[in-house]
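J.: Take a look at the following structure, please.
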Amino acid sequence: MVKVKGKMLKTAALTAAIMLSVAAAPVVQNGGLQTPQITAFAYEETDFNYTTVEYNGVSYAKYSDHVEASGLTDSNKSASSVVIPSTVDGLPVTAIARNGFTCCQNLSSITFPSSIKTIGYYSFGFCDALASVTLPSGLDTMEMHAFECCSNLSTVVFPNKLVKIHDRCFEYTPWMKAKKAESKLVTVNGALIYAQEASGDITLSSDIKYVSPGAFSRNSNITSVVFPAGITELCDSTFYMCDNLRTVELPGVTKICNMALGGCKSLRDLKLSGKLTKIEDYAFMDTENTCSVTFYGDHSAWGRVEKPDCTFLKNANMVYDTSHTEPQPQTDLYPVVKTQVKNHKIGFKWNAVEGAEKYGIGVYQANKWVVKKQVDASVHTWTSPQVANGTYRLVVLAKVNGDWVKADVFKHAFYVTVS
């Protein structure tokens with residue numbers, strides 16, 4: 001059977017927010033039902049046809065060039081485990097469809113192929129039996145609410161790469177609760193996914209390359225935020241309703257999305273990259289105060305920026321700074337690590353870090369990090385002795401100027417499962 005998805009153009013973020021607040025599944029909290037927090041993140045869809053096919057108890061939407069896993073078949077609704085293949089009918093399986101496995105109460109195990117690039121909106125929401133998940137190595141994007149309200153999800157193993165994790169992907173899970181207890185800035189492999197409890201003046205570290213939509217939203221306790229040069233997009237609703245935020249510096253941002261600085265009534269100082277190319281129409285919605293906007297370029301370059309005719313920009317005191325040298329992304333002092341498990345041994349391989357004198361393999365044990373193995377700076381691989389079954393929290397550290405680089409160590413740690 002051929003089905004057609006209707007076309008939904010990306011419209012005003014506020015309109016999308018209202019629609020989502022009505023359509024989104026309720027959240028269980030303190031024994032009652034609450035409507036999820038309104039978000040302004042909107043998704044674009046285009047017209048396309050797909051054919052529904054079934055394989056091993058799972059329904060798939062087959063398109064002309066790829067396949068999406070869209071949920072359990074009617075005869076398999078009580079399944080406890082699902083294995084998604086890498087291909088169906090000769091086409092790659094590249095996505096988990098939106099709402100695909102929502103409320104599959106018995107689902108405790110899901111195996112992904114490396115071909116999966118996208119895990120869709122609410123795809124595994126309310127899967128209460130799901131306690132552990134290993135995300136696919138090819139994953140690029142997780143849409144909002146993907147694993148929200150999985151009440152027993154305590155272990156999430158991420159691929160060792162940057163994944164664009166949208167807002168509230170893991171809200172109301174034990175995993176997210178534990179991450180919040182570790183830090184007010186929750187990060188995963190260079191993605192800042194939650195900062196709503198941060199406070200004061202914040203300068204994000206250079207290892208952060210992506211900030212999730214809504215990451216700081218409705219935070220009344222932050223006063224200034226400086227982004228590193230490696231972040232190129234200010235996503236939807238990043239600072240939505242941050243009503244005491246006065247200063248924002250975006251040295252590498254080329255695009256400012258809808259509602260990113262919406263409702264920031266105290267904003268007084270905004271610094272923008274000379275590489276900026278686009279400000280979306282509702283980026284400053286409900287932000288109408290007078291602000292000093294410094295653009296690191298000349299007047300003609302500002303004129304080439306695609307931007308709305310909005311009250312905030314009309315009221316802005318514009319400053320053009322052509323002498324400013326924009327910072328470049330800094331070299332990360334943590335190596336990028338690849339791991340492989342074979343015969344109960346964990347193999348490590350990592351890139352060189354400039355200035356490193358030694359490397360150390362760190363293991364998180366008894367609530368502290370322990371360097372279990374040290375190797376010379378010329379060595380970039382190591383294989384452990386045989387280890388017992390289990391999930392290990394690990395990190396590869398570099399020793400620079402006589403000290404182990406340990407700042408933000410949890411941001412660079414990763415999990416390896418041996419079975």
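J.: Per 10 Å bin, what is the whole-percent P(r) computed from every C-alpha pair distance within the stretch 337-418?
T.: In whole percents, the pair-distance histogram is 18, 54, 26, 2.
J.: Hey, another quick one. Report ³J(HN,Hα) in whole Hz for each residue of the stretch 68-76, in order, from the Karplus equation J = 6.51 cos²θ - 1.76 cosθ + 1.60 where θ = phi - 60°; Gly and Pro get x.
T.: Coupling constants for the stretch 68-76: 10, 6, 10, x, 6, 6, 4, 7, 10 Hz.
J.: Taking the Cβ of residue 363 as the centre, find all other residues whose Cβ is under 13 Å away and add up their charges (Lys, Arg: +1; Asp, Glu: -1). Don't skip to the end; give the middle numbers.
T.: On the way: positive: 368, 372, 373, 393; negative: none.
Value of the local net charge: +4.
J.: Taking N as the number of residues in the stretch 239-380, what value does Rg over Cα atoms divided by 2.2 N^0.38 Å take? Write out the running numbers ahead of the final one.
T.: Values: Rg = 22.6 Å, N = 142, 2.2 N^0.38 = 14.5 Å.
Relative to the 2.2 N^0.38 Å estimate, the stretch 239-380 comes out at 1.57.
J.: Project the alpha carbons of the stretch 171-278 onto their principal axes and report the range along each, largest first, in whole Å.
T.: Taking the Cα atoms of the stretch 171-278, the three principal extents are 41, 28, 22 Å.
J.: Report the full-extension gain for the segment residue 407 to residue 218: residue separation times 0.36 nm, less the Cα-Cα distance, to one decimal in nm.
T.: Numbers: separation 189, 0.36 × 189 = 68.04 nm, distance 2.74 nm.
Here the answer is 65.3 nm.
J.: Can you give the % of DSSP beta bridges in the stretch 337-418 that are antiparallel, to the nearest 5?
T.: On the way: 31 of 31 bridges.
The antiparallel fraction comes to roughly 100 percent.
J.: Let me ask another. How many nm is it between the label spots at residue 294 and residue 63, if each spot is 7 Å from the Cα in line with the beta carbon?
T.: For residue 294 paired with residue 63, the spin-label model returns 4.3 nm.
J.: Here's another thing I want to ask about it. Would you mind getting me the FRET efficiency between residue 137 and residue 266? Use the beta-carbon distance for r and R0 = 41 Å, nearest 0.05. Show your work: numbers first, answer last.
T.: Numbers: r = 43 Å, r/R0 = 1.05.
It comes to 0.45.
J.: Where does the chain land at 222 nm, in deg cm²/dmol rounded to the nearest 500, when only DSSP H runs of n ≥ 4 count, each adding -39500 (n - 2.57), divided by all residues?
T.: Working: 5 runs with 34 residues, N = 419.
Helix contribution divided over all residues of the chain: -2000 deg cm²/dmol.
J.: Let me ask something else. Where the Cα atoms of the chain are projected onto their three principal axes, how long is each span, largest first, in whole Å?
T.: 63, 62, 45
J.: Here's a follow-up. Can you compute the FRET efficiency between residue 76 and residue 345 using 1/(1 + (r/R0)^6), with r the Cβ-Cβ distance and R0 = 35 Å? Round to the nearest 0.05.
T.: Details: r = 37 Å, r/R0 = 1.05.
The formula returns an efficiency of 0.45 here.
J.: Just how far, in whole angstrom, is the stretch 156-218 from the stretch 362-384 if you go by their alpha carbon centroids?
T.: The stretch 362-384 and the stretch 156-218 have Cα centres separated by 25 Å.
J.: Restricting the count to DSSP beta bridges whose residues both fall in the chain, what percent are antiparallel, rounded to a multiple of 5?
T.: On the way: 53 of 94 bridges.
Close to 55 percent.
J.: Starting from the 7 Å offset along Cα-to-Cβ, what nm value, one decimal, do you get for the label separation of residue 368 and residue 152?
T.: Taking the simple label geometry, residue 368 and residue 152 are separated by 3.4 nm.
Here, each number is a calculation from the coordinates, and none is a lab measurement. Quick caveat, the model's predicted, so the values are computed rather than measured. Heads up, the Cβs are rebuilt from the backbone with ideal geometry, glycines too, and the neighbour counts pull from every protein chain shown.
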